[in-house]
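The values are calculated or read from the model by the stated rules, or taken from the named source; none is laboratory data. For clarity, every value in this text was computed on a predicted model and none was experimentally measured. Backbone-built Cβ (ideal geometry, glycine too); neighbour counts: all protein chains shown. Areas reflect the complete protein model, heavy atoms only, side chains present, ligands, DNA and RNA absent. Shrake-Rupley method; radii C 1.70, N 1.55, O 1.52, S 1.80 Å.
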Amino acid sequence: MVEAKKDVVADYNGYDYKKIFWEDTDRKYEDMADRMAIRRLLPQQMDTFVDIAGGYGRLADEYLPRAKSATLFDYSKTELAQAREMYGNKIKTQPGDIYDLPFKDDSFDALMMIRATHHFKEMQKVSDELYRILKPGGIAVIEVANKKTLPKMVRYWTKKSEINPFSRDVAHLKDLNSDGFYNYHPKYIEEVFQKSGFKIKKVLSVSNFRSAKLKKVFGTKNLVRMEKVAQKALAPIRFAPSIYYKLEK
Ligand SMILES: C[S@@+](CC[C@H](N)C(=O)[O-])C[C@H]1O[C@@H](n2cnc3c(N)ncnc32)[C@H](O)[C@@H]1O
């Protein structure tokens, strides 16, 4: 049994994230936007790779063909069991807590961590741990939940939210005990990565059109076409709710 402090874990044990979040809701556009970014940022070939907080391995088919050895790390044993059902021995599974990764220093050529930062309050500790387990020259592809988006600005200006998207402090949007939800200012998180020692190699703006209304008006296919251009074009202004970083140790 992996023990972790209550306030640092979003516990997905017993929660069917795959079915409830991805299959019962129309999130095809978001899934395709994630995949597009990963294809653009992840090395083509890797000897050793780990998917951190990788859940049930939603994105495993993106990295399995590129990695000689792939490990899926997550706190939730429910998720890891689902991954083993889907991928068998193609993937190694490892339970544990992000704040204390059960891997030796300099273990991996590459790692990714997608849709997880919104659960983590202490990103400096997380970033330091990710840096530690990468080999020198290793690559980390990390998705960050962005605090400074247009809808969040509008909510702030119209006084629907008190969270100031322009300030660099960490935004805590909901009660952690229900579903912890942290957002980060791009400047803040970039300083965190650099403090760990990472070099920022590339940035993408991802899931730019994450909106039920836009899906209705344009349809998923057209949004994905627009997304292809927007990921690079809007990266300099860190526009989207997901900002992807390609970092090098
Ligand atoms: C939103 S899911 C994302 C899963 C996957 N990366 C994806 O994009 O489909 C967040 C994942 O973070 C994991 N998680 C939350 N807190 C954690 C912690 N402290 N240590 C390790 N994993 C954690 C959860 O179990 C869950 O699988």
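Hey, which of the helices (runs of 4 or more DSSP H) in the stretch 2-113, taking only ones fully inside, have at least 3 residues that are more than 27 Å from residue 231 (Cα to Cα)?
77-87
Identify, by number, the condition in (1) within 22 Å of residue 241 (Cβ to Cβ); (2) buried (at least 19 other Cβ atoms within 10 Å of the Cβ) that residue 91 doesn't meet.
(1)
Checking the condition within 9 Å of the ligand (Cβ to nearest atom) and either more than 25 Å from residue 196 (Cα to Cα) or not polar (S, T, N, Q) (or both), which residue from 84, 58, 132, 66 passes?
Step by step, each of 84, 58, 132, 66 is checked, and only 58 is within 9 Å of the ligand (Cβ to nearest atom) and either more than 25 Å from residue 196 (Cα to Cα) or not polar (S, T, N, Q) (or both).
Mind checking whether some residue in the stretch 111-119 is touching a Phe, Trp or Tyr at 6+ places or on another chain (Cβ under 9 Å) and more than 15 Å from the ligand (Cβ to nearest atom)?
No, that holds for no residue.
Determine if the stretch 146-160 includes at least one residue that is under 28 Å from residue 60 (Cβ atoms) and of a type outside the set (Val, Ile, Thr).
yes
Does the stretch 44-58 contain any residue that is within 25 Å of residue 241 (Cα to Cα) and β-branched (Val, Ile, Thr)?
Looking through the stretch 44-58, at least one residue is within 25 Å of residue 241 (Cα to Cα) and β-branched (Val, Ile, Thr).
So how many residues does the stretch 164-173 have that are in contact with a Ser or Thr (Cβ under 9 Å, 6 or more places away or on another chain) and open to solvent by 50 Å² or more (accessible area, probe 1.4 Å)?
Of the residues in that region, 1 qualify.
Got a number for residues in the stretch 130-156 being out of contact with any Pro (no Cβ under 8 Å at 6 or more places or on another chain), over 16 Å from residue 243 (Cα atoms) and at pLDDT below 95?
Within the stretch 130-156, residues that are out of contact with any Pro (no Cβ under 8 Å at 6 or more places or on another chain), over 16 Å from residue 243 (Cα atoms) and at pLDDT below 95 number 2.
Quick check on my filter: what residues within the stretch 116-163 are open to solvent by less than 40 Å² (accessible area, probe 1.4 Å) and among the basic types (Lys, Arg)?
147
Give, as residue ranges, the helices (runs of 4 or more DSSP H) completely inside the stretch 160-249 that count at least 3 residues that are in contact (Cβ under 8 Å) with a residue 40 or more places away in the chain and not polar (S, T, N, Q).
Passing ranges, in order: 186-196, 212-233.
When the stretch 56-83 is examined, which residues are found to be under 15 Å from residue 98 (Cα atoms) and of a type in the set (Ser, Thr, Tyr)?
Matches in the stretch 56-83: 71, 75, 76.
From the list 83, 116, 60, which one is of a type in the set (Gly, Ala, Ser) and in contact (Cβ under 8 Å) with a residue 60 or more places away in the chain?
Exactly one residue qualifies, and that residue is 116.
Can you tell me which residue among 137, 96 is in contact (Cβ under 8 Å) with a residue 60 or more places away in the chain and within 13 Å of the ligand (Cβ to nearest atom)?
96
Among the residues of the stretch 15-29, are any free of Cβ contacts under 8 Å to residues at least 60 places away in the same chain, closer than 24 Å to residue 202 by Cβ and open to solvent by 30 Å² or more (accessible area, probe 1.4 Å)?
no
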